[in-house]
């Protein structure tokens with residue numbers, strides 16, 4: 001954790017990005033879909049859960065996300081997670097499978113980065129997540145979530161980009177199946193990522209991400225890191241991959257991501 005924070009701090013001070021897509025990172029980017037264009041992301045994340053999640057042992061999350069450039073500086077989107085939760089034998093819970101809570105979003109870029117300016121690109125997004133998943137099967141939270149996020153993005157050199165996120169869930173919680181913070185109410189989230197373009201086709205990056213609520217006795221905090229990247233298969237199509245490790249109870253112990261991003 002300290003080493004990752006140190007790397008991000010050094011990257012801020014030294015000319016270090018360009019990235020093909022926000023996926024697989026949990027920290028969002030400041031870019032939006034081009035006006036009247038579509039963007040598709042599909043991703044599978046397989047998580048090994050922490051002992052504190054028992055009898056939940058593992059979780060597989062297949063997510064499909066569509067975004068559309070409704071405005072010249074803004075997009076609207078929706079995503080649908082398909083979950084499988086693997087529970088301990090004898091728990092009586094079985095292995096629930098089904099649709100989780102859908103997510104609807106609007107994202108607007110208030111300021112684009114400008115050559116020669118020290119100021120970052122600035123974007124904000126609002127997500128509303130209705131309880132479409134089964135709370136009884138632990139596929140959904142049973143709550144309507146309202147989440148507001150801000151993104152600050154700075155291109156430090158032709159090959160390196162720094163992104164900072166800060167947000168809050170004002171109602172609901174951050175649960176996706178068995179992963180996340182259970183507490184109802186205000187949950188503060190934030191993180192940072194640094195990505196680097198190593199070749200014309202390959203970007204790699206690291207990130208830290210976490211969540212905090214004032215009453216951790218009612219829920220679980222989040223603290224995790226990821227190493228991942230994108231490989232451009234062809235124009236407007238990338239392979240996205242990542243490896244996650246977490247420390248807090250609301251994060252997976254280890255996780256693996258594999259997906260694709262496509263512009264239309």
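Over 21 Å from the mean Cα position of the chain (by Cα) and modelled with pLDDT of 95 or more, is that true of residue 134?
Against the criterion (over 21 Å from the mean Cα position of the chain (by Cα) and modelled with pLDDT of 95 or more), residue 134 qualifies.
Restricting to the range 39-71, count the residues that are under 23 Å from residue 259 (Cα atoms) and either more than 19 Å from the chain's Cα centre (by Cα) or in a strand (DSSP E or B) (or both).
Total satisfying the criteria: 23.
Looking at (1) in a strand (DSSP E or B); (2) buried (at least 16 other Cβ atoms within 10 Å of the Cβ), find the lone condition where residue 104 falls short.
Every listed condition holds for residue 104 apart from (2).
Which one of the conditions (1) within 19 Å of residue 83 (Cβ to Cβ); (2) modelled with pLDDT of 95 or more does residue 152 fail to meet, given that it meets all the rest?
With respect to (1) within 19 Å of residue 83 (Cβ to Cβ); (2) modelled with pLDDT of 95 or more, residue 152 is out only on (1).
The values are calculated or read from the model by the stated rules, or taken from the named source; none is laboratory data. All values reported here derive from a predicted model rather than from experimental measurement. Neighbour counts run over all protein chains shown; Cβ positions are idealised from the backbone, glycine included.
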